[in-house]
Amino acid sequence: MNELNKRNEALITMHETSGVGWQSVRKAVECGQWANYERFSPEAWISAVGLKPEQANALTNAFTSVNPAVRRQEASIRGINILTYYDDAYPELLRQSPQPPWVLYAIGRLELLQRHSIAIVGTRGPTSYGRKTASSLGEKLSQKGITVVSGLARGVDAMAHEGALNGAGSTIAVLGTPVDRVYPAENRFLYGRIAERGLVVSEVPPGTPLHPGLFPLRNRIIAGLSLGTVVVEAAERSGSLITADQALEMSRDVFAVPGPISSPKSAGTNGLIRQGAKLVATFQDIMEEYEGVLDFQNRPLSEENRVPVESEDSLTENEAIIYRILKEEARTTDELHELSSFPFGLLHSVLINLTIKRKIEQHPGSIYSVL
């Protein structure tokens, strides 16, 4: 194993060792004894690197029990690429952030990590206005060749990903779970589409149990991968505002979509605008910050990445009626009942069929929208 591979595999082993956090790995990186770590005793980890006894014992056990070749093989079988901070494929913009992940696990198109990216984040329970705005911005950015980054959460994140899949820029989903674990489960179909046409990334090692504390950590990756962060609907204490704050700390651009002053879901975004975030009324408000400075191009969709246009020919008459109503905007079951005059039994049957045919999707609160 050459020196570079030895460094990469050692970094992965440290990263995957329970109880050894980012700062402890940083100490080992600064110590730089890559060729010797696999033979370090607990005493060496304590004296040379400055780790705690429990961390030293854990790392000694890890280096004596882990087979790097088997680890790589198992990841490859599951379609997982492992990137370290030192790999050429590691995104340069993220490398420049204050606390870049030492290791990234990825499924999908690694070349997206080298594209210009914009993040779109927001509330998990958006209004129809927020949903349409996130989807539209995601699609238009992607059609311009820009990769849209978000967190695969329900709501604004999901809509931004959906819109971005319709363009050449595609999308990157940053998870707070292992890269091969879908959360929330309702986004499993969206996850599959992103893994196929875009990229799914996480710094969480495979097999790590789900833990709420992991989700805020991904916010810095979303901001770190992106030239700027767009916030679409966020309450005053929304997690999306944490992503915006981290973007500011990285000297990245922050954009916010204004909303009604009476809407609690727009309190956070309106507050960002008061604090100096750029107001986004149209897609061009984002683009004018970069046109003439960066090489954004209108890239036509290649055949393998082109999203097929859904046809209504395959729908029954009743399904087509509901589908056309939902194409105008997302609706609740009650609204669909009122607009279509369908009995509830028939309406639910139609909604189930449209969901199976992947024409529509259901969201919390019995809200439906087209895919």
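Once the Cα atoms of helix 3-16 and of the chain are each reduced to a long axis, what angle between those two axes, in degrees from 0 to 90 to the nearest 10, is obtained?
70
Efficiency by 1/(1 + (r/R0)^6): what FRET value for K6 and F283, r their Cβ-Cβ distance, R0 = 56 Å, to the nearest 0.05?
Numbers: r = 47 Å, r/R0 = 0.83.
Efficiency, from the Cβ-Cβ distance: 0.75.
Where in the stretch 33-48 does the amide nitrogen come within less than 18 Å of the point 7 Å from the Cα of K27, taken along Cα to Cβ?
From the stretch 33-48, the list is 33-34, 36-48.
Against the longest alpha carbon principal axis of the chain, how many degrees, from 0 to 90 and to the nearest 10, is the axis of helix 188-197 turned?
70
Please compute the length gained on full extension between N36 and S263, using 0.36 nm multiplied by the number of residues separating them and subtracting their Cα-Cα distance.
Taking 0.36 nm per residue and subtracting the Cα distance, the gain is 75.9 nm.
Cα-based Rg (one decimal) and Dmax (whole number) for the chain, in Å?
Cα-based Rg and Dmax for the chain come out at 22.6, 76 Å.
So, with +1 on the Cβ of K and R and -1 on the Cβ of D and E, and no other charges, what is the size of the charge dipole of the chain about its Cα centre, to the nearest 20 debye?
Computed about the Cα centre, the dipole is about 520 debye.
Please build a GNM for the chain, connecting alpha carbons under 10 Å apart, and tell me which residue among E54, E162, E92 fluctuates the most.
E54
Using the basic label-point model (7 angstrom from Cα toward the beta carbon), what is the V66 to T333 distance in nanometres?
Result: 4.8 nm between the two label points.
If you take every residue apart from G192 with its C-beta less than 15 Å away from the C-beta of G192, what net charge results, scoring Lys and Arg +1 and Asp and Glu -1?
Around G192, the charge tally is +2.
Sorting I261, I172, I356, I242 by accessible area (1.4 Å probe), largest first, what list results? Intermediate results must be reported in sequence, preceding the final value.
Numbers: I261 170, I172 0, I356 125, I242 80 Å².
Putting I261, I172, I356, I242 in descending order of accessible area: I261, I356, I242, I172.
Could you order D253, D285 so the one with the most accessible surface comes first? Probe is 1.4 Å.
D253, D285
Could you give the accessible area per residue of the chain, probe 1.4 Å, as a whole number in Å²?
Details: 16930 Å² over 371 residues.
That works out to 46 Å² per residue.
Ignoring any ligand, DNA or RNA, what whole percent of the accessible area of the chain comes from carbon and sulfur when the probe is 1.4 angstrom?
That fraction is 51 percent.
Mind ranking I352, I286 by accessible surface for me, highest first, 1.4 Å probe?
Result of the area sort, largest leading: I352, I286.
What angle, in degrees between 0 and 90 and rounded to the nearest 10, separates the Cα long axis of helix 214-224 from the longest principal axis of the Cα atoms of the chain?
Rounded to the nearest ten degrees, it is 90.
The values are calculated or read from the model by the stated rules, or taken from the named source; none is laboratory data. Quick caveat, the model's predicted, so the values are computed rather than measured. As a convention, Cβ positions derive from the backbone with ideal geometry for all residues, glycine included, and neighbour counts pool all protein chains shown. With ligands, DNA and RNA removed, areas are computed over all heavy atoms of the protein, side chains included. Shrake-Rupley method; radii C 1.70, N 1.55, O 1.52, S 1.80 Å.
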